[in-house]
């Protein structure tokens, strides 16, 4: 803390729920996270967005159709959906590629908050990517720590 003062921190938590189409469906969740930050009344701190589950990921990107398609194509090149996966042989659910993609991209993201605002670049949005091979209901956990 600046000036030698010790502040009392607060924690605020909420859940974001929505439906996805799967197969690298990219959902812009920036407005929802900003809304939670405003409701928290926390001015300075950190917000973490976490996806419980092993076939989804959270990252930042410019939410523009061209770059979204570029990302989806890049993911397909890095972790193809049409090759054999040990997971599929064991479980027979056909989503081995989904688990591997999510492991590369990671399930959470932490963003600083300053003066009640997310510190994001001009063209930077927070997105959730659903890698599963089917439609799903997703629930993301948002936790804010600060004062």
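Numbers at a glance
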{"read-out": "Helices (runs of 4 or more DSSP H) enclosed by region 58-147 - at least 2 residues per element that are on the phi < 0 side of the Ramachandran plot, loosely packed, with under 15 Cβ neighbours inside 10 Å and modelled with pLDDT of 95 or more", "value": "65-78, 96-105"}
{"read-out": "Test set (1) more than 15 Å from the chain's Cα centre (by Cα); (2) touching a residue at least 24 places away in the same chain (Cβ under 8 Å); (3) more than 23 Å from residue 36 (Cβ to Cβ) - residue 131 fails condition number", "value": "(1)"}
{"read-out": "Filter result for the condition that a residue is surrounded by fewer than 16 Cβ atoms within 10 Å (Cβ to Cβ) and within 22 Å of residue 130 (Cβ to Cβ), over 18, 23", "value": "18"}
{"read-out": "Test: residue in region 10-17 that is part of a loop (DSSP other than H, G, I, E, B), modelled with pLDDT of 95 or more and under 28 Å from residue 81 (Cα atoms)", "value": "no"}
{"read-out": "Region 23-39 - residue that is outside any strand (DSSP E or B) and within 14 Å of the chain's Cα centre (by Cα) and, of those, nearest to residue 98 (Cα to Cα)", "value": "24"}
{"read-out": "Test: residue in region 40-47 that is touching a residue at least 12 places away in the same chain (Cβ under 8 Å), part of a helix (DSSP H, G or I) and over 15 Å from the mean Cα position of the chain (by Cα)", "value": "yes"}
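The values are calculated or read from the model by the stated rules, or taken from the named source; none is laboratory data. Small disclaimer: the values here were computed from a predicted structure and weren't measured. All Cβ positions, glycine included, derive from the backbone under ideal geometry; neighbour counts span all protein chains shown.
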